[in-house]
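**Student:** Sharing a structure with you now.
The values are calculated or read from the model by the stated rules, or taken from the named source; none is laboratory data. Predicted model only: the values in this text are computed from it and were never measured. Positions of Cβ are generated from backbone atoms using ideal geometry, with glycine treated the same way; all protein chains shown enter the neighbour counts. Side chains included, ligands, DNA and RNA excluded: accessible areas come from the protein's heavy atoms. Shrake-Rupley method; radii C 1.70, N 1.55, O 1.52, S 1.80 Å.
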Amino acid sequence: SAAGSILKRVLVEANAAVSGAPNVLAGNESNSVLTNEGATAENYHTLPAAAAGLVFTFIVQDTDGLRIVAAAGDTIRPGAVAASATAGFVRCATQGASITLIAINATEWLATSVIGTWTVDV
C-alpha cells in the first residue's frame, strides 16, 4: 500500500573540491549524486577502488567542469569508446552533462548513462 511504502532518497552533494584537494569518495558513498554546483575551478573527484556494484552519478551543474579520476589500478570507460588509462580520468565542462558509473569488477568502471561528451584520458 502507499501508506506502507518507504521513500528512499539518494544523497545529492554539491562539491567544489579542486585538483590540489580532490573529493576522495569512499565505497560507503555508493549511490550518491555529485555535482560541481558552486565550483570556481574544475571540480575533482577520485573514485574509490572499484568493487563490483558500486555506483556514482556526476552532474555538471557549473561550466567550470568536473573531472572524475579512477583509483590506482582502475579504469573508466564512458560508453562505447576506449577506457581511460589506469588511474586515468574522464572530464566534461558542458552544463547539464551527466554520467553514471558502475564498477563491473575490481578494476573497471563503466558508464551506464552518459549525457554530453566526456573526454577520456587515454
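**Student:** Non-local amide H neighbours of Ala85 (under 5 Å, H modeled in plane, Pro and chain starts lacking H): which ones?
**Tutor:** Under 5 Å from the amide H of Ala85: Asp121, Val122.
**Student:** Hey, another quick one. Local charge sum around Glu37 (other residues, Cβ-Cβ under 14 Å, Lys/Arg +1, Asp/Glu -1)?
**Tutor:** Values: positive: none; negative: Glu13, Glu42, Asp62, Asp64.
Surrounding charge for Glu37 is -4.
**Student:** Could you please state how large a percent of the accessible area of the chain is carbon and sulfur, counting protein chains only and using a 1.4 Å probe? Could you put the intermediate results ahead of the total?
**Tutor:** Values: 3420 of 6150 Å².
That fraction is 56 percent.
**Student:** As an exercise, use a Förster radius of 30 Å and the Cβ-Cβ distance of Lys8 and Ala52 to find the FRET efficiency, rounded to the nearest 0.05. Walk me through the numbers before you get to the answer.
**Tutor:** Working: r = 21 Å, r/R0 = 0.71.
After rounding to 0.05, the efficiency reads 0.90.
**Student:** Please list, in chain and number order, the residues 5+ apart from Thr46 or on another chain whose amide H is under 5 Å from its amide H, with Hs placed from the backbone.
**Tutor:** For Thr46, the qualifying residues are Asn23, Val24, Leu25, Val69.
**Student:** In what sequence, largest accessible area first, do Thr75, Thr94 appear using a 1.4 Å probe? Mind showing how you got there, number by number?
**Tutor:** Details: Thr75 30, Thr94 75 Å².
Largest accessible area first, the list is Thr94, Thr75.
**Student:** Additional query: If you stretched the chain out fully between Ile104 and Thr119, how much longer would it get, using 0.36 nm times the residue separation minus the C-alpha to C-alpha distance? If you can, show how the numbers build up before the last one.
**Tutor:** Values: separation 15, 0.36 × 15 = 5.40 nm, distance 2.06 nm.
Residue separation times 0.36 nm, minus the Cα-Cα distance, leaves 3.3 nm.
**Student:** Also: For the chain, give me the percentage of DSSP beta bridges that are antiparallel, rounded to the nearest 5 percent.
**Tutor:** Close to 50 percent.
**Student:** If you bin the C-alpha pair distances of the chain every 10 Å from 0, what whole percents do you get?
**Tutor:** Result returned by the calculation: 15, 48, 28, 6, 3, 0.
**Student:** Right, something else. Amide H neighbours of Ala14 under 5 Å, at least 5 residues apart or on other chains, H built in the peptide plane: list them.
**Tutor:** Here Thr35 satisfy the definition.
**Student:** Using θ = phi - 60° and the Karplus curve 6.51 cos²θ - 1.76 cosθ + 1.60, what whole-Hz ³J(HN,Hα) does each residue of segment 78-84 get, with Gly and Pro shown as x?
**Tutor:** These are the phi-based 3J(HN,Hα) values: x, x, 7, 9, 4, 6, 5 Hz.
**Student:** Now a separate question. Between rounded, prolate and oblate, where does segment 62-122 land on the alpha carbon gyration tensor, with a ≥ b ≥ c its root eigenvalues, rounded for a/c under 1.5, else prolate if a/b exceeds b/c?
**Tutor:** Prolate.
**Student:** Oh, and also: Residues of segment 9-122: accessible area per residue at 1.4 Å, in Å²? Let's see the in-between values first.
**Tutor:** Numbers: 5200 Å² over 114 residues.
Here the residues of segment 9-122 average 46 Å² of exposed surface.
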